[in-house]
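Input: a single structure, listed below in structure tokens.
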Amino acid sequence: MGLQIPVLNEKGDVKVSEAVFGQVFNETLVHQLVTRYLAGARAGTKAQKTRSDVSGGGTKPWRQKGTGRARSGTTRSPLWRTGGVTFAARPRNYDQKLNKKMFRVGIRSILSELLRQDRLVIGSETMVTTPKTKALSAQLDAIDSKRTLIVVQSVDKNLALASRNIPYVQVVEAANLNPVLLVAADKVIVTPSALQQLEERLA
């Protein structure tokens, strides 16, 4: 016996796989999944120069003794205004390892929790037939959501143009779905083809 998801602006439900949408919510895994995704988005391109990277400083600025000043071997020391940085930042990679099985379980966990909280609905295969914002807004008024995520198999031009002027509405292809988008959305609308693709991918 499969689970059922309500259909947007229509009476009736759509049956879905319990293996995908009946997952027990794993808060620890979801947190790890979101953290890993956000960490992977960091550029990590910050860089500063150490004393070995700064040009100049090849000669001792003054002799070791007899000047009354503190001894100094190079003008590239971090103590000097034109010197290098003591603990200079270096380009780094923030990626965290997470295997494919954990990723699938985490996404299933999020989708299952969205279904249990009545935040997941099925939309029509063609959300809009014209690139008009008004046409899409009329469909979204029924769910009364501030942040809405629309998951489709492939984004068509009409939907892209109709959604771009609506605040807090985002359209994403099922192949590019990520945990951050799912967690941030108040309501998630999935088209039938995108739903089938998700079930095949996460089964």
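Since every read-out is calculated from the coordinates, none of them should be taken as a lab result. Computed from a predicted structure; not experimentally measured. Reconstructed Cβ throughout: ideal geometry from the backbone, glycine too, with neighbour counts over all protein chains shown.
For L120, the residues whose modelled amide H falls within less than 5 Å of its own, excluding neighbours fewer than 5 places apart on the same chain, are V188.
This ranking places L38, L159, L120, L202 by how few other beta-carbon atoms lie within 10 Å of each, fewest first, which gives L38, L202, L159, L120.
Over 18 Å apart: what share of the alpha carbon pairs of segment 45-93 falls there, rounded to a whole percent?
In whole percent, the long-distance tail amounts to 39.
Give the angle, between 0 and 90 degrees and rounded to the nearest 10, that separates the Cα long axis of helix 192-202 from the longest principal axis of the Cα atoms of the chain. With rounding to tens, the tilt is 60 degrees.
For segment 45-93, the residue among P91, W80, T67 whose Cα projects farthest onto the positive side of the dipole built from Cβ charges is T67. Comparing mean-square fluctuations of T129, T75, T67 from a GNM of the chain with C-alpha springs under 10 Å, the top value falls on T67.
Each residue of segment 105-113 is assigned a 3J(HN,Hα), and the resulting list reads 5, x, 5, 4, 5, 5, 4, 5, 5 Hz, derived from the Karplus form 6.51 cos²θ - 1.76 cosθ + 1.60 (θ = phi - 60°), x at Gly and Pro. Listed from fewest to most Cβ neighbours within 10 Å, the set F25, F103, F87 follows the order F87, F25, F103. The H on the amide N of I150, modeled in the peptide plane, is under 5 Å from the matching H of Q170, V171, V172, I189, each at least 5 residues off or on a different chain.
In segment 114-200, what trypsin sites (Lys or Arg not before Pro) fall in a loop by DSSP, with at most 15 other Cβ atoms inside 10 Å? Answer in residue order: K132, K146, R147, R164. Farthest towards the positive end of the charge dipole of segment 100-158, among the residues Q153, V105, L136, is the Cα of V105, using unit charges on the Cβ of Lys, Arg, Asp and Glu.
Here the dipole of the chain is about 2400 debye; that uses its Cα centre as origin and unit charges on the Cβ of Lys and Arg (positive) and Asp and Glu (negative).
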